[in-house]
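Below is one structure, written out as structure tokens; comments come after it.
Taken together, the values in this text are just the output of simple stated rules run on the coordinates, not laboratory data. Computed from a predicted model, the values in this text were never measured in an experiment. Here the Cβ is made from the backbone with ideal geometry for all residues, glycine too, and neighbour counts use every protein chain on show.
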Amino acid sequence: MSVRVQTEDFDLSAETEKLIGGRRDVGAIVTFTGKVRGDDDGREVSTLTLEHYPEMTEAEMARIEQEAMQRWPLQAVLMLHRVGELKAGDNIVLVIAASAHRQAAFEAASFLMDYLKTRAPFWKKETGADGSSTWVEARAEDDDAADRWR
Amino acid sequence: MSVRVQTEDFDLSAETEKLIGGRRDVGAIVTFTGKVRGDDDGREVSTLTLEHYPEMTEAEMARIEQEAMQRWPLQAVLMLHRVGELKAGDNIVLVIAASAHRQAAFEAASFLMDYLKTRAPFWKKETGADGSSTWVEARAEDDDAADRWR
Amino acid sequence: MSADATRRVRLLYFAWVREKIGLATEDVDLPPDVATVEALVAWLKQRGEGYDEAFARPQVVRAALDKVHVKPSAAIGAAREIAFFPPVTGG
Amino acid sequence: MSADATRRVRLLYFAWVREKIGLATEDVDLPPDVATVEALVAWLKQRGEGYDEAFARPQVVRAALDKVHVKPSAAIGAAREIAFFPPVTGG
């Protein structure tokens, strides 16, 4: 299992290969990539700034991974989150879950994202095309999604 | 939307980029990669041969994609299946679902795999380390998984 | 075409159905009384040992008419291509 | 350390909590009667307008003690680092 916070972009194939390349016991790999949308419910977004709480982010992501490893028979897990200034179309987050069978991989990846969205200390600030900035508000449906796993 | 049957391997990043590169309206991309495991419930697998029903596979995969597009707000979908002779660790299948939000992408990718597994006319033959061959049997749990979506 | 004329159709076999029958494809003249997929299976079973073995558990073998999944009770109708195969195992 | 001694802790603020307070981090001497996270919030609110604004809806602001999420009622105990931030919005 592995967690990372970085400013640089990531490559889906390279990260997957690094995580499970050469293994013969992995039958199913689910990846989730989150990207900056150019339009957030009608508001045009030119940049998105990701702030985080260094050390706590890694600690919290490690706790989330640990919980997933206890719930599902996973062979490998990666959570990678970018910080800093991003623009529309850029990658924000990558989650990879690998298992022998597909259901565990799908459920674990979905769980990891739900928990990441509600527990890992990241905050998004949107800057619109007009230059004005606003902090993205947490969504109740993200809490509901995380509550599914209790 | 896009379906493909091919003997060649595929690259996760290249396929994702080809499908949604440059788009600013995609917020969530879920990929599923299925791989040949070296061990199928205790039996060592040296090669896996994938047979299919040409034309029907593409037609059925297109119908499955169409159904997913009707059920979820998807911006792009890819289903790619390899045929021919594969070995342990090789890629078999790739599904990509892209949406504005993550839940649609997760559900659609999971649905696409469940339907692919029970409806697309592919058959697997395993050749063991001892040279003996056996057709893989369909699993009741795959039918159950597909039935979830009815 | 009169009601009791035979009609030529193409049959396709896949995976172990193909192996047991020993053919991947063949063209046959359908007798006029073979109107459904299950009637075709019964007719094929009498054509030889390989067919009989392939359809030993007819409920296990799946069928498609012109590349669309159908149930055993489906009418063959005007289909030109009829395929028989085991439950699929791709993905 | 006697029961009524002050104790130095580091406070961290993130996102709009940081912007309203105008500081990312500060070291403060915790009065002995400030034993819980919510007591600390009440104490901070009296330190100035920025703090008062940041904690205007105290139930919205989240807290962590030594990098672990806690509820407002949590005892500060021996924590060295106390962070306040809005609900998280990563992913």
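Listed here are the residues, each with its yes/no results for (1) exposed (fewer than 12 other Cβ atoms within 10 Å of the Cβ); (2) farther than 15 Å from residue C:84 by Cβ; (3) in contact with a helix residue (DSSP H, G or I) (Cβ under 7 Å, 6 or more places away or on another chain); (4) touching a residue at least 12 places away in the same chain (Cβ under 8 Å).
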position	(1), (2), (3), (4)
C:7	no, yes, no, yes
C:43	no, no, no, yes
C:49	yes, yes, no, no
C:52	no, no, yes, no
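Across segment A:21-50, what is the number of residues that are over 20 Å from residue B:98 (Cβ atoms) and either of a type in the set (Lys, Arg) or crowded, with 20+ Cβ neighbours inside 10 Å (or both)? Count: 6. Taking (1) under 12 Å from the mean Cα position of the chain (by Cα); (2) more than 14 Å from every other protein chain (Cβ to nearest Cβ); (3) outside any helix (DSSP H, G or I) in turn, residue D:41 satisfies each apart from (3).
Screening segment A:51-68 for residues that are crowded, with 19+ Cβ neighbours inside 10 Å and closer than 30 Å to residue B:88 by Cα and picking the one that is farthest from the chain's Cα centre (by Cα) gives A:68.
Restricting to strands (runs of 3 or more DSSP E) lying wholly in segment A:26-135: which have 1 or more residues that are more than 12 Å from chain D (Cβ to nearest Cβ)? Show your work before the answer.
Details: elements: A:28-35, A:43-52, A:74-82, A:84-87, A:91-99, A:122-128, A:133-135.
The qualifying strands (runs of 3 or more DSSP E) are A:28-35, A:43-52, A:74-82, A:84-87, A:91-99, A:122-128.
Of all residues in segment A:1-14 being more than 7 Å from chain B (Cβ to nearest Cβ) and more than 14 Å from residue A:82 (Cα to Cα), which is farthest from the chain's Cα centre (by Cα)? Of everything passing the filter in segment A:1-14, A:14 is farthest from the chain's Cα centre (by Cα).
Quick one: which of A:110, A:99 is in contact with a Pro (Cβ under 9 Å, 6 or more places away or on another chain), buried (at least 24 other Cβ atoms within 10 Å of the Cβ) and not hydrophobic (A, V, I, L, M, F, W, C)? Even if it seems obvious, please write down each step before you answer.
On the way: A:110 fails: in contact with a Pro (Cβ under 9 Å, 6 or more places away or on another chain).
It is A:99.
Within segment A:38-85, take every residue that is of a type in the set (S, T, N, Q) and touching a residue at least 24 places away in the same chain (Cβ under 8 Å) and give me the one that is farthest from residue A:104 (Cα to Cα). Quick ask: steps written out before the conclusion?
Taking segment A:38-85 and keeping what is of a type in the set (S, T, N, Q), we get A:46-47, A:49, A:57, A:66, A:70, A:75.
Adding the requirement that they be touching a residue at least 24 places away in the same chain (Cβ under 8 Å) leaves A:46-47, A:49, A:57, A:66, A:75.
Details: A:46: 37, A:47: 35, A:49: 33, A:57: 25, A:66: 15, A:75: 10 Å.
So the residue we want is A:46.
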